[in-house]
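What follows is one structure encoded as structure tokens, with my remarks underneath.
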Amino acid sequence: MTARDAADDAQPDGAQPDGARPDDDPTTRPLAAGAAASAVQWNSIAVAGRQLFLVASSIVLARVLGPETYGVISAATIYVTFTTLLLDQGLASALIQRPALSRWAAGAVASANVVSGVLLAVATWFAAPWVADFFSVDELVPVLRWLGLGLVVKSVAIAPRAMQARTLTFRSIAVADVAGAAVGAVAGVVAAMLGAGPAAIVFQVVALDLVVAAVLVRAERGPVPNLHVRELRDLLGFGVRVMATNGIAYFSRNADNILVGRVLGVVALSYYGMAYRVLVIPVQMIGQTVSRVMFPVFSRLADRRDLLGDNLLKAMEMLAVVTLPLMGLLAAASHEVVTVVLGTEWLPAAPLLTVLAVAGARETVVYVSGPLMKATGRVRLLVRYELLATAVQVGGIVLGLRWGVLGVAVGYTVAGFLLTPVLLVIQRRLAGVSARQQAAAVLPSLHGAVWGVVAYLLVTLTDLGPLATLLLGSAAYVAATAAVLAAVHRAATVRALRRLATVLPGRRRRGPGTTA
């Protein structure tokens, strides 16, 4: 978990903006029954659909462009992520967090976002040569300049997205994200096949942002930009805190990519970035989905440590039963997965995939610690932990640089495991569950995954070829893992799967105090 999540639910200060009229603000009215369940369902669809198209397009672009050209895209992505962080100044989160808003607040934020987009576009135009020099890649200049102009389009969608999220209207957000990702994927892949080279990312990102902005503005019917600058004064205090915590998260998440690109070059960055997606996918698709459900549950149980601890352990069981077997398979099958999916020229990414799959498994299982700290009002503790995590992870990355890109992956992963005891202690203090109880929630899935890895590695001894080994090895992995879970850990596995079913789309969840 990262400080980015801490920003979403930082503690309100209790004040209301000038001119706020709760009775006139429809976003303050009670939500209809089932609104939260519907929000979870549509949020799951949005995350899964968006990631599906983005991952698929990344694979196609990687095969078409090759590691060297794809490395330019990886470097551009680092810069674009940074400028996106600066685009909003946390004002969107302030719109969502405020208990009441005046009629002008959303429009004022929309104006500020567009102005920020224009200023960042101009800044990017002049900064592009410096960024290209930093990564020693001349091809970055035109790519960054066009992506910078696209920030204006991206800025248009920020305020309407926030207002839709404020009322838990995630259906329009899901439609926008999935449709935008689909259109962007097609645009990027077609551009690459027509010879656009690294500029293919420009077509993908701009097409995605255009669709998202069009859908969200239409769904929200605005908001119409205005010049009520006073509205921003009341939102900026909270927004600046959000942006600060997001900045910590950005540095923590991108320090390895920045250092790899700067020290080892964009080809190494392309290998590392492709493998790093394996870490991000389970965190976003599994960890975020479960944590967004568990946050309100933890919040309602903040004064009931017995129920809080019980739900924490069950959340860890849910995450472990999905993530550990999946990531164990990817770690064991990395050579075959890279060969079959990306091609032999990407084989240097295989050992990185193995190491970062382990890191992704650990990070997803402990992802509930962030919602737990926020739900119990310990946001400052969360920020302090994130600062510690950033220092430890950057230290591991810097030490690993002397052994190349694989050393960076190992350093990042080892740093994560060094931080795990800290999270176990925090969770014990807040939820009253011992480290032994937390380990017991994870060990059944880990036990099954280990035997699955053994089964897969036995298949690799047959030398059947990459595709046959991947198919037969995956079957052996699933059979061995399922056999161990069914024979040795049946009760824990059934409990975890039943609990998981309650947070999946289309299922009605019971009260937070009810155990599965």
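What follows draws every value from the coordinates through simple rules; no lab data is involved. Remember, it's a predicted structure, so these values are computed and weren't measured experimentally. All Cβ positions, even for glycine, are placed from backbone atoms using ideal geometry, and neighbour counts span all protein chains on display.
What you get for the chain, charging only the Cβ of Lys and Arg (+1) and of Asp and Glu (-1), is a dipole of about 1620 debye around the Cα centre.
Each Lys or Arg adds one and each Asp or Glu takes one away; over the other residues whose Cβ falls under 15 Å from the Cβ of residue 137, this sums to -2.
Translational diffusion of the chain was estimated from the Stokes-Einstein equation, with Rh taken as the Kirkwood radius over Cα pairs; at 20 °C and 1.002 mPa s the coefficient is 90 µm²/s.
What full-extension length gain, to one decimal in nm, is calculated for residue 302 and residue 123 as 0.36 nm per residue of separation minus the Cα-Cα distance? Please list the in-between numbers first.
On the way: separation 179, 0.36 × 179 = 64.44 nm, distance 4.52 nm.
Gain in length upon complete extension: 59.9 nm.
Sequence-ordered 3J(HN,Hα) estimates for the range 485-492 from the Karplus curve with 6.51, -1.76 and 1.60 and θ = phi - 60° stand at 5, 6, 7, 9, 10, 4, 4, 5 Hz, glycine and proline given as x.
Across the options 313, 348, 267, the greatest Cα extent toward the positive end of the charge dipole of the range 265-442 (unit charges at beta carbon of Lys, Arg, Asp, Glu) belongs to 313.
The phi torsions of the range 257-274, fed into the Karplus equation with coefficients 6.51, -1.76 and 1.60 and a -60° offset, translate into couplings of 5, 5, 5, 4, x, 6, 8, 9, x, 6, 5, 4, 4, 5, 4, 5, x, 5 Hz, rounded to whole numbers, with Gly and Pro shown as x. Taking all Cα pairs closer than 8 Å and separated by 6 or more residues, the relative contact order of the chain comes to 20 percent.
If the segment from residue 190 to residue 347 were pulled out straight at 0.36 nm per residue, it would be longer than the present Cα-Cα gap by 54.0 nm.
Placing +1 on the Cβ of every Lys and Arg and -1 on the Cβ of every Asp and Glu, with nothing else charged, gives the range 46-264 a dipole about its Cα centre of roughly 760 debye.
Taking 0.36 nm per residue of sequence separation and subtracting the Cα-Cα distance, how much length would be gained by fully extending the chain between residue 381 and residue 478, in nm to one decimal?
Values: separation 97, 0.36 × 97 = 34.92 nm, distance 3.95 nm.
Separation in residues times 0.36 nm, less the Cα-Cα distance, equals 31.0 nm.
For residue 226, the residues whose modelled amide H falls within less than 5 Å of its own, excluding neighbours fewer than 5 places apart on the same chain, are 108, 111. Positive-end ranking of 147, 164, 78 along the dipole of the range 46-264, with charges on Cβ about the Cα centre, is headed by 164. Derived from the Cα gyration tensor, the three semi-axes of the equivalent ellipsoid of the range 72-202 are 30, 19, 10 Å, largest first.
Net charge dipole, the range 265-442: roughly 720 debye, given to the nearest 20, about the Cα centre with Cβ charges of +1 for Lys and Arg and -1 for Asp and Glu. Computed from backbone phi with θ = phi - 60° and the Karplus coefficients 6.51, -1.76 and 1.60, the 3J(HN,Hα) list for the range 187-203 is 4, x, 5, 4, 4, 5, 5, 8, x, 6, x, x, 5, 4, 5, 5, 4 Hz; x is used for glycine and proline.
Computed on the range 265-442, with alpha-carbon pairs under 8 angstrom and 6+ residues apart, the relative contact order is 30 percent.
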